[in-house]
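The values are calculated or read from the model by the stated rules, or taken from the named source; none is laboratory data. Because the structure is a prediction, the values reported are computed rather than measured. With ideal geometry, Cβ positions are generated from the backbone for all residues, glycine too; neighbour counts draw on all protein chains shown. Ligands, DNA and RNA are stripped out before the accessible areas are found, and what is left, the full protein with its side chains, is counted by its heavy atoms. Shrake-Rupley method; radii C 1.70, N 1.55, O 1.52, S 1.80 Å.
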Amino acid sequence: YQSFWTQEHYDVIIEPLVKQITNYHTLLSHDQYHAYILQLYIPCLISLAKNMPSPDHWKLLHTSIISYVQDSEVLVRQYAITTIVELFSSCGHDYLSLLPQTIPYLAEAMEDENDQVQYACQQLIEIIETLSGEDIQEYLS
């Protein structure tokens with residue numbers, strides 16, 4: 001199956017898969033949506049990222065997910081950040097190549113009025129600082 005998965009195939013499925021973050025938050029209870037995100041959605045995207053031919057192919061996936069940090073729904077914003085946290089955690093040091101795209105969204109999300117969004121931002125900062133070995137606070141102001 002590896003020969004089937006080209007960048008073009010990934011490009012076709014990334015946006016519809018990522019968009020699933022918004023499709024269920026109004027249909028499911030809070031607990032069901034939480035379970036869906038943590039048990040199905042995030043593992044699916046992590047598997048997709050890890051099976052891409054190279055880390056160079058992560059940009060579209062990352063850009064698609066991080067755009068939901070600006071969504072009007074609090075849970076979507078929170079889980080978009082949580083998804084990014086898990087991608088950094090699972091993909092490791094190589095995922096730091098996407099830090100320049102992450103910083104502006106993270107800086108904006110840190111100003112969110114919702115405590116859960118702010119907590120997710122703190123988790124993201126921690127994983128980035130752990131992977132990079134650097135304090136990123138100066139880039140967020």
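Taking the conditions (1) open to solvent by 60 Å² or more (accessible area, probe 1.4 Å); (2) under 25 Å from Asp94 (Cα atoms); (3) not basic (Lys, Arg) in turn, Thr26 satisfies each one other than (2).
The residue that is most open to solvent (accessible area, probe 1.4 Å), counting only those in segment 29-47 that are among the hydrophobic types (A, V, I, L, M, F, W, C) and either closer than 12 Å to Glu86 by Cβ or outside any helix (DSSP H, G or I) (or both), is Leu38.
Pairing each residue of segment 75-93 that is of a type in the set (Asp, Glu) with any residue that is open to solvent by 20 Å² or more (accessible area, probe 1.4 Å) and assigned to a helix (DSSP H, G or I), provided the two are 6+ apart or on different chains, yields C-beta distances under 9 Å for Glu86/Leu38; Glu86/Pro43; Glu86/Ile46; Glu86/Ile127. Taking the listed residues Ile103, Ile84, Ile128, Ile66, the one that is touching an Asp or Glu at 6+ places or on another chain (Cβ under 9 Å) and not small (Gly, Ala, Ser) is Ile128, with no other qualifying. Screening segment 61-75 for residues that are part of a helix (DSSP H, G or I) and over 11 Å from the mean Cα position of the chain (by Cα) and picking the one that is nearest to Ile37 (Cα to Cα) gives Leu75. With respect to the conditions (1) in a helix (DSSP H, G or I); (2) open to solvent by less than 80 Å² (accessible area, probe 1.4 Å), Glu8 falls short on a single one, namely (2). Restricting attention to segment 87-100, does a residue exist that is closer than 15 Å to Ile37 by Cβ and buried (at least 21 other Cβ atoms within 10 Å of the Cβ)? So far as segment 87-100 goes, yes, one or more of its residues are closer than 15 Å to Ile37 by Cβ and buried (at least 21 other Cβ atoms within 10 Å of the Cβ). Among the residues of segment 77-120, those that are of a type in the set (S, T, N, Q) and more than 12 Å from the chain's Cα centre (by Cα) comprise Ser97, Asn114, Gln116, Gln118.
The residue that is farthest from Ile14 (Cα to Cα), counting only those in segment 48-73 that are surrounded by 15 or more Cβ atoms within 10 Å (Cβ to Cβ) and hydroxyl-bearing (Ser, Thr, Tyr), is Tyr68.
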